[in-house]
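Presented below is the structure to which this report refers.
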Amino acid sequence: MGLRQVWRFNSFRRTNVILQHLGMSKHTDAAGEVLLERRGCAGVITLNRPKFLNALNLNMIRHIYPQLKNWEQDPETFLIIIKGAGGKAFCAGGDIRVISEGGKANQKIAQDFFREEYMLNNAIDCCRKPYVALIHGITMGGGVGLSVHGQFRVATEKSLFAMPETAIGLFPDVGGGYFLPRLQGKLGYFLALTGFRLKGRDVYAAGIATHFVDSEKLDMLEEDLLALKSPSKENIADVLDAYHTKSKIDQDKSFILEEHMDKINSWFSANTVEQIIENLQQDGSSFALEQLKVINKMSPTSLKITVRQLMEGSSKTLQEVLTMEYRLSQACVF
């Protein structure tokens, strides 16, 4: 596919693709979509839409945010745990189905969804209580926003991380402009532009997770955390470290991208999408050509937005990045 053909991308089609991707579910009862419980020393958030891979909607955001703030102020709550129900996913992304059903009449809902989602992302980052995200299963898009900004992120061998937004005419939001350029080398640029999927221990090796635990030990880990008496951040870290140390699954396996990191750092150091594509073409290796093929399938508009987003975000605070991403979200959707 030539460059001229690649860059032709109809904005109306892009909007529809975004909305179709985000509009994952049919109507569901709002009750019980997220469970909020005080258990032991902790506040526990359970994303409870397993049939829809725990996709995050506005109703869930509006339940989680005030409870997070309440627990943050509660002297009897010492940590916050967030997890997904069903075993297949932590959270597969954002679900703004209502916008795709209502079209332009629901522009306010799009504004509300992205604004309140990003407010929640910021609240997680600023949370004064230790925040433990159990990112077991699929963790993409909005699910990354619910986890990556927290103090502790626990992956398992069944974790699957990706930011696939460039394929749908969007960009890696929920603070992606902040955390992605801060990963090792140019790894974040590679993940953002290609939507490359990281699995299992690689989610930890990349720096997305802070700990890795065998999935069969996850329930036991949670119970041990809940059983702590007035724990400090250090007490919580000790429990997580102990489980991490005992984990043997893929313990000796090297990071899936380790052998390619030097080239990734070189290719994705370019300041433009065109130069990145040229770097891949000039390299000509099978891995380079494979990434080129992937990038050529992405939305050209999204690729350009994403490169600029990450470059700008690399020197901004998370709050500044979320403000920038909110404005971008509205420009992309409408």
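Descriptive notes on the structure:
- Highest average first, the peptides 262-272, 67-77, 153-163 ordered by how many other beta carbon atoms sit within 10 Å of their residues are 153-163, 262-272, 67-77.
- Taking each DSSP H run with n ≥ 4 as -39500 (n - 2.57) and averaging over every residue of the chain yields -14000 deg cm²/dmol at 222 nm.
- Helix 318-333 and the longest principal axis of the Cα set of the chain meet at an angle near 60°.
- For region 153-250: rounded, prolate or oblate by the Cα gyration tensor [a/c cutoff 1.5]: prolate
- Efficiency of FRET from Cβ geometry, ARG62 and GLU274, R₀ 41 Å, rounded to 0.05: 0.45
- Inter-site label distance for ARG115 and GLU290 at 7 Å from Cα along Cβ, in nm: 4.4 nm
- Cα gyration tensor category, rounded, prolate or oblate, for region 155-195 with a/c compared to 1.5: oblate
- The separation of region 110-183 from region 247-265, counted between C-alpha centres, amounts to 22 Å.
- Pairwise label distance in nanometres, GLU76 with THR245, each label 7 Å out on the Cα-Cβ vector: 3.4 nm
- The slack between GLN282 and LYS304, meaning 0.36 nm per residue of separation minus the straight C-alpha distance, is 5.9 nm.
- At 1.306 mPa s and 10 °C, Stokes diffusion of the chain via Kirkwood alpha-carbon radius, µm² per second: 78 µm²/s
- Peptides 86-94, 282-290, 119-127 ranked from most to least packed by the mean count of surrounding Cβ atoms within 10 Å: 86-94, 119-127, 282-290.
- Nearest 10 degrees, 0 to 90: helix 107-126 Cα axis against the chain principal axis: 60 degrees
- Cα→Cβ-extended label distance, 7 Å offset, between LYS316 and CYS126, nm: 1.7 nm
- Nonpolar atom fraction for region 143-298, defined as the carbon and sulfur part of the 1.4 Å probe accessible area, stands at 46 percent.
- Total formal charge among the other residues, if their Cβ is under 10 angstrom from that of CYS127, Lys/Arg +1 and Asp/Glu -1: +1
- Local electrostatic count at GLY175 - Lys and Arg +1, Asp and Glu -1, tallied over other residues with Cβ under 15 Å: -3
- Accessible surface computed residue by residue for region 47-195, with neighbouring protein chains in place and a 1.4 Å probe, gives 32 Å² per residue.
- Residues of region 148-184 with an amide N closer than 17 Å to a point placed 7 Å from the Cα of GLU216 along the Cα-to-Cβ direction: 156-159.
- Shape index of region 117-182: Rg/Rh, with Rg the Cα radius of gyration and Rh the Kirkwood radius from the inverse mean 1/r over Cα pairs, equals 0.96.
- Within region 51-177, the ratio Rg/Rh, alpha carbon atoms throughout and Rh by Kirkwood, equals 0.97.
- In terms of packing, defined here as the mean over residues of other Cβ atoms within 10 angstrom, the peptides 131-142, 243-254 line up highest first as 131-142, 243-254.
- Of LYS83/LYS248; LYS158/LYS253; LYS69/LYS246; LYS186/LYS304, pairs whose Cα-Cα distance is over 27 Å: LYS69/LYS246
The values are calculated or read from the model by the stated rules, or taken from the named source; none is laboratory data. Since the model is a prediction, treat every value here as computed from it, not as a measurement. Note: ideal-geometry Cβ built from the backbone for every residue, glycine included; neighbour counts use all protein chains shown. All accessible areas refer to the heavy atoms of the entire protein, side chains included, with ligands and DNA or RNA removed. Shrake-Rupley method; radii C 1.70, N 1.55, O 1.52, S 1.80 Å.
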